[in-house]
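The values are calculated or read from the model by the stated rules, or taken from the named source; none is laboratory data. Every value quoted in this text rests on a predicted model; they were computed, and no experiment measured them. A quick note on method: Cβ atoms are made from the backbone with ideal geometry, for glycine too, and the neighbour counts reach across all protein chains shown. Each accessible area value is taken on the protein alone, full model and side chains, heavy atoms only, with ligands, DNA and RNA left out. Shrake-Rupley method; radii C 1.70, N 1.55, O 1.52, S 1.80 Å.
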Amino acid sequence: AFAGTTGRRGGNPRWVPAYAGTTGRIGGALMDAIRRFLDGDVFWSFKRSPLTIVAAVTTLVCIVAAVGAGWLAPHNPFDLKTLNLLDAFTPPAWTENGKPGYLLGTDDQGRDVLSTIMYGSRVSLMVGFFAVILAMVIGIALGLISGYVGGKVDAFIMRVADVQLSFPAILIALLIDGVARVALPKDSHDTLALYVLVLAIAASGWVQYARTVRGSTLVERNKEYVQAARVIGRHPLAIMFSHVLPNVLGPVLVLATLHIGTAIITEATLSFLGVGVPPTQPSLGTLIRIGNDFLFSGEWWITVFPGAWLVIMVLAMNLLGDWLRDALNPKLR
């Protein structure tokens, strides 16, 4: 566990752990990376854009509120023991007949609207994040293969992408969700609803990544480092994922930042139409649909506040994506 004596100080041997040097090197490398980032063009661009700072803070608040809903939410809206139907349709706390315990009012079941927004944001963010990750994996893999191999493989993948682009993303997601509901047993619909929703959104969004990666791969595959890797006998898969992939990830990361907002909107739309997550795990789209039934009867807060939260969250993410696209574009520096 120890490296042994490395010297004497005051007559006593000094013992140093064997991993001390490794830990120091890792910590030093991490500090150097952080220092380079703080001195780089991207962070400089971030500091000079007040709108981007506000968008970043807003996004961080939304993520913290969603992830920490179990600790930060004033109520647990899905604990039936804490619900009181007598508190249903309570208006916001600052209006007439409002109650201090319900800052944004309650819905038709007496659930605190603020708490339901925080818990619903968790579902929306989780579905959007994993759908984007899955779409990236599928799109990057197909884009690399299409651009590097070329020929009939490239033509086939791109024609499939062209056919899919002729349909709206929401229609493809509805089709996949409907097929899954027919194919899967009824007892497993609620259990597998989140997985089906992630798959449906990812299947409708992989085309953008595939086309972007294919275009970059067509440029990279003719460069000297790729030709050198071919000469020394590296496997094509190793060349694609070890050499080409790191050089085409820049546009993909920007696209993923923008796609998260689109995925959240798609999930909210599906849930609003009643084909998304089950009622026991409502997302922001489900909350908006529930509030829409009572909008014209005067209970406006049930749908307005979840809708406003959804708009603010997606807008902040889109602003971050726009900034990242400009910050990583060397022509705009």
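Suppose we keep only residues that are within 27 Å of the chain's Cα centre (by Cα) and among the aromatic types (Phe, Trp, Tyr) within the range 82-135. Which one would you say is farthest from TYR195 (Cα to Cα)?
TYR119
Taking the conditions exactly as written (open to solvent by less than 20 Å² (accessible area, probe 1.4 Å) and in a loop (DSSP other than H, G, I, E, B)), does PRO100 satisfy them or not?
no
Take ILE170 and tell me if it is open to solvent by 20 Å² or more (accessible area, probe 1.4 Å), modelled with pLDDT of 90 or more and among the β-branched types (Val, Ile, Thr).
It is false that ILE170 is open to solvent by 20 Å² or more (accessible area, probe 1.4 Å), modelled with pLDDT of 90 or more and among the β-branched types (Val, Ile, Thr).
Going by the structure shown, is VAL304 in a helix (DSSP H, G or I), of a type in the set (A, V, I, L, M) and open to solvent by 60 Å² or more (accessible area, probe 1.4 Å)?
Details: in a helix (DSSP H, G or I): yes; of a type in the set (A, V, I, L, M): yes; open to solvent by 60 Å² or more (accessible area, probe 1.4 Å): yes.
It is true that VAL304 is in a helix (DSSP H, G or I), of a type in the set (A, V, I, L, M) and open to solvent by 60 Å² or more (accessible area, probe 1.4 Å).
Quick check: anything in the range 47-57 closer than 18 Å to VAL304 by Cα and at pLDDT below 85?
There is no residue in the range 47-57 that is closer than 18 Å to VAL304 by Cα and at pLDDT below 85.
How do the helices (runs of 4 or more DSSP H) wholly within the range 214-288 filter down when requiring 1 or more residues that are crowded, with 24+ Cβ neighbours inside 10 Å and polar (S, T, N, Q): which remain?
By residue number, 249-272.
Would you pick out the residues in the range 203-235 that are closer than 20 Å to GLY128 by Cα and among the hydrophobic types (A, V, I, L, M, F, W, C)?
Of everything in the range 203-235, those that are closer than 20 Å to GLY128 by Cα and among the hydrophobic types (A, V, I, L, M, F, W, C) turn out to be ALA203, TRP206, VAL207, ALA210.
For every residue, the table says whether it meets (1) over 28 Å from ILE176 (Cα atoms); (2) free of Cβ contacts under 8 Å to residues at least 40 places away in the same chain; (3) basic (Lys, Arg).
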{"position": "VAL226", "(1), (2), (3)": "yes, yes, no"}
{"position": "THR262", "(1), (2), (3)": "no, no, no"}
{"position": "THR280", "(1), (2), (3)": "no, no, no"}
{"position": "GLY285", "(1), (2), (3)": "no, no, no"}
{"position": "PHE305", "(1), (2), (3)": "yes, no, no"}
{"position": "LEU320", "(1), (2), (3)": "yes, no, no"}
